[in-house]
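Okay, so here's the structure we're looking at.
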């Protein structure tokens, strides 16, 4: 038995107008100062006001939100007592909003203790709206929460099916101004969700089609969105791809690229999409040496060369690498500016963090500690994975 979860999704140009239909008393908007300076927060507050809702904002969310930030936001939320929580921004803002909402409903729970096993009993005080302003994380459609323990240099994969947003508003106009680098980072996050969600040991019939469609959209439209930020069709297709991939992998699981990406991000503060995108071809190569079937299937669905399972997996790897180069993303850890001796000095921490990620055990091939170390070195040097 398995479960399939999805929020109500309002998508397409003008989707923000759905805010005019929200019924309630007051809303607490979780975002960051940059989005406030760009006017996005005001637009959302105006939309809420048209529904008769008062609103207050918490604008202190940083990239890779910390446990401390979540606790401060939850305290402010408790003082305001909203019946709607709105997460506005990229994955960091939406994840922070989810965690703050949990603590608002359950002040007895510590953020690092949010898990999919214990019941939370949410929605006694408020419900959650997620509004993405980037096209990548899919956090508007998942119950996952990623927070950072700054004292331990570690990203924490948390979440409960209960903290899935009630409503996701996917309006491509909000991502129209994204600069090329952010477009590439977030787009590759969506691609990694799609491929890993399909290949996951927990992949299933309900999530598979969403993952394949999301991957197809990213391969076709990310280069256009990267090269021309005013390409409205590309922006819309990438916004849809991010949400589709979110629903897809949110109902299966990600894989080893996320485990290693989280580890690098926690220690070296590399942007999430850049890190997981970098590791994606290496982790496909690693898994495909023993279990190429799912990668070959995706290659076939995408119209890539797939005369054999091994050939299909290799075609997918090459297509990912071609995309990385086209959107000018690093393909080695060395290109991130990480010095080899520093990587080796922190390798024990990196490997422990990667090994302890839930996504490691649902990858199509489970890596030993030694294999994780070898993967890190392949990714540092840009070598093909031959083991």
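The values are calculated or read from the model by the stated rules, or taken from the named source; none is laboratory data. What you see is a predicted model; the values in this text were computed from it and never measured. In this analysis, Cβ positions are derived from the backbone assuming ideal geometry, glycine residues included, and neighbour counts consider all displayed protein chains.
Observations on the model:
- Filter result for the condition that a residue is closer than 26 Å to residue 375 by Cα and at pLDDT below 95, over 230, 305: 305
- Scanning segment 84-106 for residues that are on the phi > 0 side of the Ramachandran plot and assigned to a helix (DSSP H, G or I) gives no hits.
- Residue list for segment 172-206, filter: within 16 Å of residue 141 (Cβ to Cβ), touching a helix residue (DSSP H, G or I) at 6+ places or on another chain (Cβ under 6 Å) and surrounded by fewer than 24 Cβ atoms within 10 Å (Cβ to Cβ): 172
- Test result for residue 81, surrounded by fewer than 16 Cβ atoms within 10 Å (Cβ to Cβ) and without any contact (Cβ under 8 Å) to a residue 12 or more places away in the chain: no
- Test: residue in segment 25-45 that is in contact (Cβ under 8 Å) with a residue 24 or more places away in the chain and exposed (fewer than 13 other Cβ atoms within 10 Å of the Cβ): yes
- Residue match in segment 84-105 (condition: in contact with a strand residue (DSSP E or B) (Cβ under 7 Å, 6 or more places away or on another chain), in contact (Cβ under 8 Å) with a residue 12 or more places away in the chain and surrounded by fewer than 22 Cβ atoms within 10 Å (Cβ to Cβ)): no
- Some residue of segment 367-377 being under 20 Å from residue 285 (Cα atoms) and touching a strand residue (DSSP E or B) at 6+ places or on another chain (Cβ under 9 Å): no
- Summed over segment 292-308, residues that are under 20 Å from residue 253 (Cβ atoms) and surrounded by fewer than 16 Cβ atoms within 10 Å (Cβ to Cβ) total 1.
- Positions within segment 156-180 being over 15 Å from residue 6 (Cα atoms) and more than 16 Å from the chain's Cα centre (by Cα), in sequence order: 171, 172, 173, 174, 176, 177, 178, 179, 180
- Scope segment 204-237; condition under 18 Å from the mean Cα position of the chain (by Cα) and closer than 12 Å to residue 178 by Cα; matching residues: 235
- Residue 284 meets the stated requirement of being at pLDDT 95 or above and surrounded by 17 or more Cβ atoms within 10 Å (Cβ to Cβ).
- Flag: residue 46 does not match the condition of being assigned by TED's automatic domain parsing to the domain that holds residue 132, closer than 30 Å to residue 270 by Cβ and not in a loop (DSSP other than H, G, I, E, B).
- So residue 343, is it under 17 Å from residue 269 (Cα atoms), at pLDDT 95 or above, assigned by TED's automatic domain parsing to the domain that holds residue 215 and in a helix (DSSP H, G or I): yes
- Any hit, segment 35-47, residues being under 30 Å from residue 357 (Cβ atoms) and in contact with a strand residue (DSSP E or B) (Cβ under 6 Å, 6 or more places away or on another chain): yes
- Being within 15 Å of residue 167 (Cα to Cα) and assigned by TED's automatic domain parsing to the domain that holds residue 145 holds for only one residue in 29, 41, and it is 29.
- Scanning segment 312-325 turns up at least one residue that is over 19 Å from residue 188 (Cα atoms), in the same structural domain as residue 366 (by TED's automatic domain parsing), in contact with a helix residue (DSSP H, G or I) (Cβ under 8 Å, 6 or more places away or on another chain) and in contact (Cβ under 8 Å) with a residue 12 or more places away in the chain.
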